[in-house]
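Written out below as structure tokens is the structure these notes cover.
The values are calculated or read from the model by the stated rules, or taken from the named source; none is laboratory data. The structure displayed is predicted, hence computed values, not measured ones. Cβ placement follows ideal geometry from the backbone for every residue including glycine, while neighbour counts extend to all protein chains displayed. Only protein heavy atoms, including side chains, enter the accessible area calculation; ligands, DNA and RNA are left aside. Shrake-Rupley method; radii C 1.70, N 1.55, O 1.52, S 1.80 Å.
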Amino acid sequence: MASDDTPGEGAARPRLGPFELITNLGHSVRTASWLVLDTRTQTEQVLVMPKQTLDAAHWPEWLGRVSKLQRLDSRHLMPLAETGQLLGRPYAAYVRGEAITLGERVRRGPMGLREALRTLHQIALALTDLHDTRSLHRDVQPHLVLIDGKRVRLCGAEVAWRPTTGPGSEDPLETERSDLRENTPVDLFFVSLMLHWLISGEPPLGESDFLLAMGRLPPLGESQLELPEKKAVALSPPIRHIYERALNVLPRQRFATARSLASALEDVLQSDEGNGPNVLATLRERIRLRGILPGNEDTMRSVVRLSRMQVSHQTELVEVMLQDTALSLELLRVCNNTLRRGETLNANDAVLNMRRAIALAGLNGVEQAAKNLTLWPGPLNRFQARDLEDDIWQIRRASLVAQHINPGAFEPETVFIIALFHGLGQLILGYHFPEEALQIKHLAKQARQENPPPSPWDALDAACKDVLELPLSELAAEVLRLWGMEADVIEMLQPLPAQALVEDTPPDDSLFLRAIVSCAYEVFVHKDTMKNKRLKALNLVAQRYGRWLGCTAYTLNDALTEALRGSEHRVMVGAQDVLDANPAQATAAP
């Protein structure tokens with residue numbers, strides 16, 4: 001990270017052009033940095049040079065990449081004093097002031113955990129500023145992190161740039177896109193390795209150059225990083241989750257952007273100060289900006305067309321709307337908010353049926369609800385959109401299971417809608433907190449493997465509480481409160497607790513509906529289980545709900561098989577059936 005290549009006392013300092021070399025601050029495979037004295041101004045500067053030579057043809061592009069950052073107004077990047085060439089190599093010089101490198105700071109004594117997190121938070125903010133301008137750092141090492149009191153800044157951005165060669169390199173735009181796609185995660189992983197270094201007190205895998213450590217870790221290598229047990233035990237759950245996510249062996253499970261890493265670190269720092277991350281306030285703001293879920297453009301056009309036709313087309317309108325989860329929820333939101341009029345809604349008032357919603361909203365209201373939606377996939381990237389699409393598919397299929405096990409006491413459409421609401425928390429998580437959703441699902445999967453819970457929601461709830469500091473059910477409850485619904489409605493639209501007793505006689509319709517849907521989700525968990533093992537698992541579900549629903553392991557298996565059969569299914573709406581197309585057609589991207 002740094003060396004002691006310092007001239008002896010009284011010895012003449014070596015010179016490099018107009019600079020006197022005071023000391024080598026550190027070096028890596030890609031860059032080296034020196035503390036120098038600019039003899040022209042008698043000021044100390046940090047001189048950063050790439051390790052590899054750059055031919056003359058590529059000097060203008062290197063200069064353009066490094067120099068453009070002078071125009072970037074970022075408090076997290078060191079000001080660039082000048083650029084130039086020395087001995088055939090390009091260099092970038094930065095005004096040092098009173099700053100020291102991160103390597104120098106650590107050599108003076110170990111960092112406290114809070115100081116380490118604050119340092120990493122500011123580094124993540126620096127990368128956020130860089131990536132927002134389609135720039136990269138390329139070598140986030142301790143000798144390029146400068147600390148002045150509590151202020152942390154990066155220098156050396158783009159200094160390690162190298163020209164791309166090979167197929168497609170003749171297309172500048174595609175080359176730049178490929179460069180950003182491949183190297184943005186590398187920038188972030190540098191910070192992840194720095195997190196390990198600062199928490200553990202040891203360089204990752206004993207490598208002082210983080211790039212060399214990176215080459216030995218997945219997906220490039222097979223080595224594993226582990227915190228010393230004493231260090232790991234001392235971490236609070238939120239910090240431990242950041243650590244595990246940042247250094248996950250699967251690149252797709254890691255932080256996708258510098259902004260998401262900075263946000264996670266900021267939440268922890270605020271929580272330590274007693275301010276606490278206000279997840280629900282964040283959710284309310286995101287819903288205001290993005291809506292509940294993104295909608296399908298083709299479905300929205302069909303709804304607008306049908307809403308402008310005569311009322312005789314209402315059945316067709318219901319069919320189309322039920323194909324799009326986002327549109328169904330949006331119309332229900334509009335109707336329930338309209339009915340509220342400043343009062344909360346109880347179970348008798350709440351609108352949980354599409355036909356009633358259309359009747360209350362009117363055709364103009366239906367058209368407006370369609371226009372309110374954000375188009376798929378909203379702000380999600382393609383990986384996040386694929387995950388949300390999978391969530392929607394699973395929740396819709398579980399809702400079909402609920403329709404098939406409904407003993408006939410309730411309208412099929414109502415059962416389907418309530419089953420969608422039972423999965424609302426998972427949909428909100430996937431759309432409004434996609435980065436956190438990855439970590440939560442990973443933790444929930446681990447928990448299920450170690451100790452399978454009786455309810456499919458228990459593991460997700462616990463993981464969500466660890467990462468966001470509140471359970472998954474609370475995300476859905478907050479949305480329903482925004483719609484003005486009372487506690488009895490909110491309770492009906494959430495799964496039964498695993499410890500709840502299903503007695504001989506259901507005390508009321510709300511609890512009966514809740515049991516039908518909860519049973520359906522517990523059945524759906526076993527969709528990928530082999531048939532002989534599935535029947536054994538479903539027998540346990542039947543024992544719990546059989547008194548109310550009159551179900552057996554075989555009838556539950558039939559309901560699951562029917563819901564999963566093929567790519568086309570029908571959402572039952574009384575006398576009419578609605579085609580439930582696959583998620584890529586009905587609930588996802590056009």
Worksheet, complete the sentence: Among Thr299, Leu211, Leu188, the residue whose Cα sits farthest towards the positive end of the charge dipole of the chain, when +1 is placed on the Cβ of each Lys and Arg and -1 on the Cβ of each Asp and Glu, is Leu211
Discussion item. Quick check: at a probe of 1.4 Å, how many percent of the accessible area of the stretch 440-493 sits on carbon and sulfur atoms?
Written reply: 50 percent
Worksheet, complete the sentence: Rounded to one decimal in nm, the spacing of the 7 Å Cα→Cβ label points at Asn539 and Lys371 is 5.9 nm
Worksheet item: How many angstrom lie between the C-alpha centres of the stretch 99-138 and the stretch 180-226?
Response: 15 Å
Item to complete: Could you do me a favour and compute the accessible area per residue for the chain, 1.4 Å probe, result in Å²?
Response: 45 Å²
Worksheet item: What angle do you read, to the nearest 10 degrees and between 0 and 90, between the alpha-carbon axis of helix 172-200 and the longest principal axis of the chain?
Response: 80 degrees
Item to complete: Treat every Asp and Glu Cβ in the stretch 405-503 as -1 and every Lys and Arg Cβ as +1, leave all other atoms uncharged, and give the resulting dipole magnitude about the Cα centre to the nearest 20 debye.
Response: 320 debye
Worksheet item: Once both labels are modelled 7 Å past Cα along the beta-carbon direction, what's the Asn183-Gln85 spacing in nm?
Response: 2.0 nm
Worksheet item: How high is the relative contact order of the chain, in percent, with contacts defined as C-alpha pairs under 8 Å that are six or more residues apart?
Response: 11 percent
Worksheet item: In degrees from 0 to 90, rounded to the nearest 10, what is the angle of the helix 412-422 Cα long axis to the longest principal axis of the chain?
Response: 30 degrees
Worksheet item: Percent of accessible area on the stretch 318-432 owned by carbon and sulfur, 1.4 Å probe?
Response: 45 percent
Item to complete: Sort the stretch 1-140 into rounded, prolate or oblate with this rule: let a ≥ b ≥ c be the square roots of the eigenvalues of the Cα gyration tensor; rounded if a/c is under 1.5, and if a/c is not under 1.5, prolate when a/b is larger than b/c, oblate otherwise.
Response: oblate
Worksheet item: So, by mean Cβ neighbours within 10 angstrom, what's the order for 185-194, 414-423 with the highest one leading?
Response: 414-423, 185-194
Worksheet entry | Computed magnitude of the charge dipole of the chain (debye, nearest 20; Cβ of K, R +1, Cβ of D, E -1) | 440 debye
Discussion item. Can you give me the convex hull volume of the Cα atoms of the stretch 123-244, divided per residue and expressed in Å³?
Written reply: 131 Å³
Item to complete: Determine, for each peptide in 380-387, 351-358, the mean count of other beta carbons within 10 angstrom over its residues, then list the peptides with the highest first.
Response: 351-358, 380-387
Worksheet item: Given (1) 98, 70, 47; (2) 88, 49, 48; (3) 95, 54, 49, which label gives Cα extents along the principal axes in Å as computed from the coordinates?
Response: (3)
Worksheet, complete the sentence: The pairs in Lys445/Lys465; Lys230/Lys445; Lys465/Lys533 lying past 20 Å Cα-Cα in this model are Lys230/Lys445; Lys465/Lys533
Worksheet item: Along the charge dipole of the chain, which of Ile392, Gln122, Cys464 sits closest to the positive end, that is, farthest toward it, with unit charges on the beta carbon of Lys, Arg, Asp and Glu (+1, +1, -1, -1)?
Response: Gln122
Response to the item:
Here the residues of the stretch 520-550 lying in the modelled label zone of Asp558, meaning backbone nitrogen under 14 Å from a point 7 Å along Cα-to-Cβ, are 550
Discussion item. Considering only C-alpha atoms, what is the centroid distance from the stretch 416-452 to the stretch 510-557, in Å?
Written reply: 20 Å
Worksheet entry | Accessible-area composition of the stretch 126-265, carbon plus sulfur, in percent [1.4 Å probe] | 53 percent
Worksheet item: Which angle between 0 and 90 degrees, to the nearest 10, do you get for helix 553-564 versus the longest principal axis of the chain when only C-alpha atoms count?
Response: 60 degrees
Discussion item. As an exercise, use a Förster radius of 41 Å and the Cβ-Cβ distance of Lys150 and His58 to find the FRET efficiency, rounded to the nearest 0.05.
Written reply: 0.60
